[in-house]
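> Dropping the structure in here first, questions after.
The values are calculated or read from the model by the stated rules, or taken from the named source; none is laboratory data. Keep in mind it's a predicted model, so treat the numbers as computed, not measured. Don't worry about glycine lacking a Cβ; one is built from the backbone with ideal geometry, like all the others, and counts go over all protein chains shown. Ligands, DNA and RNA are excluded from the accessible area calculation, which covers all protein heavy atoms including side chains. Shrake-Rupley method; radii C 1.70, N 1.55, O 1.52, S 1.80 Å.
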Amino acid sequence: MRHRIGVIGGGPAGLAFARVLHRHDCPVTVLERESGPDARPPGGTLDLHEGLGQLALDKAGVLAEFRALSRPEGQAMRILDTDGTVLRDWRPGPDDRANPEIDRGQLRDLLLGPVDVRWGEHVTKVVPGGRDGVRVHLADGRAETFDLVVGADGARSRTRPALSAVTPHYTGVTAVETSLDDIDTRHPDLARLIGDGSVAVYGVNRALVAQRGSGGHVKVYAQFRAPLDRHTKRDTADAGAVRSRLLALFDGWAAPLLDLLRHGTEFVHRPLHALPVAHTWAHVPGVTLLGDAAHLMPPLGAGANLALLEGAELAESLAAGTGDPDDTVRIFEERMWTRAAKWASFTTAGLERLVSPDPAAALALFDRVQPPG
C-alpha cells in the first residue's frame with residue numbers, strides 16, 4: 001500500500017493511525033499545528049479501557065510499554081458529599097487493569113516513537129475532488145496533495161467542513177480547570193482526600209472533581225451549568241478574581257473541598273461542546289475523520305479511547321487492503337458511526353446526570369458503572 005496518506009493532527013487518533021501504519025511499513029505524513037511535542041502542557045490523565053484504548057496500543061505494538069508506565073491504582077474513585085462525608089470509596093483490586101491511568105504526555109511520547117511528525121504545519125482548509133487528489137492548504141500559503149486525508153484535528157477540525165456542515169454545540173456545562181503540584185509534600189491533607197485516583201463531589205448544578213496524575217500532579221475541575229456568554233476566556237486572566245468567583249459558586253461546601261480551588265494558581269476556562277449524538281456525513285472519496293473531529297462528546301472517559309481505537313483500526317485495515325482504499329474507508333466509517341453513537345449517547349446522558357439539579361443522580365450513575373462492593 002503506497003498511496004499518499006496525510007494525517008491532520010498529532011493527538012491520540014492521528015498518532016495511533018500513524019504508528020500502526022509505520023508498524024506495517026506504510027508511509028504517512030503527519031501535519032501538526034503545534035510547534036513541537038512540548039509546545040504546551042499536555043493536559044491531565046486518561047484511563048484507557050481494555051477493549052478500546054488498550055486494544056489500540058496492542059495493535060500499535062506498544063501495550064507492554066503502556067503497562068510499564070500506567071497507574072492501575074489511578075482507577076480508584078472516591079465520591080464525597082458537599083459536607084465532606086465519604087459516600088463511595090472504590091478501590092481497584094491488585095490485578096485490576098481494566099482502566100489504568102496514564103498521563104497524556106506519556107501517551108503522546110509512547111505513540112510518537114519513530115513516527116515522523118511535521119510540527120508547526122497549520123492546516124487552514126481541506127479540499128477534496130481535485131484531479132490530483134485532495135488538497136491540503138496551509139497557513140503559509142502552501143498546499144499539498146494526498147490520495148487520502150485523515151482529519152484527526154479535534155473539536156475545531158479544519159478537515160470536518162470538507163465532509164459536514166455541522167459544528168459543535170455548547171452542552172450548557174462549563175469547566176474551569178486548575179492544577180496543584182507536588183501535592184503529597186505541599187498539601188498532604190488534600191493528597192489524602194484525593195487518594196490514589198480521583199475524588200468527585202456533586203452538588204446542585206455543579207460538581208468538583210480532582211484527578212491525580214503522576215509525580216504528585218493533580219488536575220482540579222470545577223463544573224457548573226451556566227450560559228455560554230457568562231464566562232469568557234478573558235475572565236481567567238485574573239486568577240484571583242476567578243478563584244473568588246468559584247469559591248462563591250461553591251459557597252457552603254466543606255473547607256477541604258474549597259481548598260482544592262484556593263490552592264490553584266492558574267485557571268483555564270473550558271466550556272464543554274459536543275457534536276450531535278449521531279453525527280454522520282455523506283461519504284466523500286479521499287477524506288475521513290477520526291476522534292473528536294468526527295464525534296466530539298462530553299469528556300467522560302470515552303473520547304480518547306475511541307480516537308485511539310479508530311486510528312489503529314483504520315490504519316490496520318488500510319495496511320491489509322489490496323483494493324481501493326476508499327472502499328476500506330467507507331466500511332470503516334459505517335462501523336465508527338455505530339460505535340461512536342452508542343458512546344456519545346451514554347456520555348451525553350452521563351453529563352446530564354453528573355451536573356444536574358439532583359446530586360443523587362450522579363451517585364446512581366456511579367453505582368451503575370461501578371457497583372459498590
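> Is it true that Arg40 is of a type in the set (D, E, K, R), surrounded by fewer than 19 Cβ atoms within 10 Å (Cβ to Cβ), at negative phi and within 17 Å of the chain's Cα centre (by Cα)?
yes
> Return only the number of the condition from (1) assigned to a strand (DSSP E or B); (2) touching a residue at least 24 places away in the same chain (Cβ under 8 Å) that Pro161 does not satisfy.
Answer for Pro161: the failing condition is (1).
> Could you figure out which of (1) at pLDDT 95 or above; (2) out of contact with any His (no Cβ under 6 Å at 6 or more places or on another chain) isn't true of Tyr170?
In the conditions (1) at pLDDT 95 or above; (2) out of contact with any His (no Cβ under 6 Å at 6 or more places or on another chain), Tyr170 misses (2) alone.
> Another question, then. Those residues that are charged (D, E, K, R) and in contact with a strand residue (DSSP E or B) (Cβ under 7 Å, 6 or more places away or on another chain), I need them from segment 308-359; list them, please.
Glu333
> Any residue at all in segment 293-314 that is open to solvent by 10 Å² or more (accessible area, probe 1.4 Å), over 23 Å from Tyr170 (Cβ atoms) and without any contact (Cβ under 8 Å) to a residue 40 or more places away in the chain?
no
> Please verify whether segment 354-372 includes one or more residues that are modelled with pLDDT of 95 or more and closer than 22 Å to Gly44 by Cβ.
yes
> Tally time: how many residues in segment 9-23 are open to solvent by 10 Å² or more (accessible area, probe 1.4 Å) and either more than 14 Å from the chain's Cα centre (by Cα) or closer than 13 Å to Val117 by Cβ (or both)?
Residues meeting the conditions: 5.
> Hey, His269 hits all of (1) under 30 Å from Ala60 (Cβ atoms); (2) modelled with pLDDT under 95 but one; which does it fall short on?
It is condition (1) that His269 fails.
> Still on this structure: From Thr174, Thr178, Thr124, grab the single residue that is more than 30 Å from Pro72 (Cβ to Cβ), assigned to a strand (DSSP E or B) and open to solvent by less than 40 Å² (accessible area, probe 1.4 Å).
Only one candidate passes the filter, namely Thr174.
> Now for a different question. Working carefully through the options Gly195, Gly213, find the one that is over 22 Å from Ala362 (Cα atoms), open to solvent by less than 60 Å² (accessible area, probe 1.4 Å) and small (Gly, Ala, Ser).
The conditions single out Gly213.
> Please count how many residues of segment 53-111 are free of Cβ contacts under 8 Å to residues at least 12 places away in the same chain, outside any helix (DSSP H, G or I) and either buried (at least 16 other Cβ atoms within 10 Å of the Cβ) or in contact with a helix residue (DSSP H, G or I) (Cβ under 6 Å, 6 or more places away or on another chain) (or both).
Number satisfying all stated conditions: 0.
> Starting from residues that are open to solvent by 10 Å² or more (accessible area, probe 1.4 Å), of a type outside the set (D, E, K, R) and assigned to a strand (DSSP E or B), keep the ones in segment 198-210 and report whichever is nearest to Val355 (Cα to Cα).
Tyr202
> To continue, here is another question. Within segment 153-165, identify whether any single residue is acidic (Asp, Glu), surrounded by 18 or more Cβ atoms within 10 Å (Cβ to Cβ) and at pLDDT 95 or above, and answer yes or no.
Yes, segment 153-165 contains at least one residue that is acidic (Asp, Glu), surrounded by 18 or more Cβ atoms within 10 Å (Cβ to Cβ) and at pLDDT 95 or above.
> Being surrounded by fewer than 18 Cβ atoms within 10 Å (Cβ to Cβ) and either aromatic (Phe, Trp, Tyr) or closer than 30 Å to Thr124 by Cα (or both) is the requirement here; does His169 meet it?
yes
> Now for a separate question. Looking only at segment 332-373, which residues are among the β-branched types (Val, Ile, Thr), open to solvent by less than 40 Å² (accessible area, probe 1.4 Å) and assigned to a helix (DSSP H, G or I)?
Thr347, the sole residue that qualifies.
> Within segment 112-121, track down each residue that is of a type in the set (A, V, I, L, M) and either assigned to a loop (DSSP other than H, G, I, E, B) or touching a Phe, Trp or Tyr at 6+ places or on another chain (Cβ under 8 Å) (or both).
Result: Val115, single match.
> Is it the case, given these coordinates, that Leu148 is under 29 Å from Arg23 (Cβ atoms), of a type outside the set (Lys, Arg) and surrounded by fewer than 18 Cβ atoms within 10 Å (Cβ to Cβ)?
Judged against the criteria, Leu148 is not a match.
> If you don't mind, there's one more thing I want to ask. Just checking, how many residues over segment 188-197 are in a loop (DSSP other than H, G, I, E, B) and not charged (D, E, K, R)?
2
> Oh, and also: Cβ-Cβ under 7 Å, sequence separation 6+ or interchain: first residue in segment 116-130 and touching a residue at least 60 places away in the same chain (Cβ under 8 Å) and at positive phi, partner open to solvent by 20 Å² or more (accessible area, probe 1.4 Å) and among the hydroxyl-bearing types (Ser, Thr, Tyr). Which pairs?
Gly120/Ser35
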